[in-house]
Amino acid sequence: MARKKKIKSALIQELVDNDIYSVDAGWRVFPLVFVPVLFSDKGERLDGLTSFSPCLIQVHEDQIEEGIRESIIHEMFHVIASTMGLDPDEKDEFETTNEYIVIQLSRGSMLFQRLNPKLWDILFRNEENDKSTSITKKSR
């Protein structure tokens, strides 16, 4: 009988418990994989990496909880930036405005939330509010 790998991170465990193994970008589904070590092509240690061929999001699992959360969100924004038309492999130089960028990021965030509601709730949950709400509910 094969032993299951012990998951150290409560966040990763919660994703597994909720069957969240991918991120839906609308135009492609990116598997979400947690790895023990992660390096760039140049040998630099990374916390996260989004590949577009094949479509894959990798996150270094040996980080503090907030580091894992931030890495997933950071990689999500790489997917959103690609959806906006920013080529992930090229240096994009273009003229734009703050307003244009904010509109695209807000639309990308809304798309992400609608396509990945469970993942969104887990990543953006305010744990302090959750604790105070659960205490308030229990005391009533």
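Worth a mention:
- Pairwise centroid distance, computed over Cα atoms, of the stretch 78-119 with the stretch 30-57, Å: 19
- Computed about its Cα centre, the charge dipole of the stretch 10-125 is approximately 320 debye, with only Lys, Arg, Asp and Glu carrying charge at their Cβ.
- Antiparallel content of DSSP bridges confined to the chain, in %, to 5: 70
- Listed by number, the DSSP H helices of the chain that run 24 Å or longer by alpha-carbon position along their axis and have mean Kyte hydropathy of at least -0.5 are 65-83, 98-115.
- Model label sites at E99 and K8, defined 7 Å from Cα along the beta-carbon direction, differ in position by 4.8 nm.
- Three-way shape label, the chain, alpha-carbon gyration tensor, a/c 1.5: oblate
- Fluctuation leader among L123, L56, L86 - the chain, Gaussian network, Cα springs under 10 angstrom: L86
- Peptides ranked, highest mean first, by Cβ atoms within 10 Å: ranges 93-105, 109-121: 109-121, 93-105
- Considering only alpha-carbon pairs that sit under 8 angstrom and 6 or more positions apart, the relative contact order computed for the stretch 10-125 is 25 percent.
- Listed peptides 26-36, 69-79 by packing density, highest first (mean Cβ within 10 Å): 69-79, 26-36
Where a number appears in this text, it was derived from the coordinates with a stated rule and is not lab data. Keep in mind the model is a prediction, meaning the values are calculated, not measured. Note that we place each Cβ from the backbone using ideal geometry, even for glycine, and neighbour counts take in every protein chain shown.
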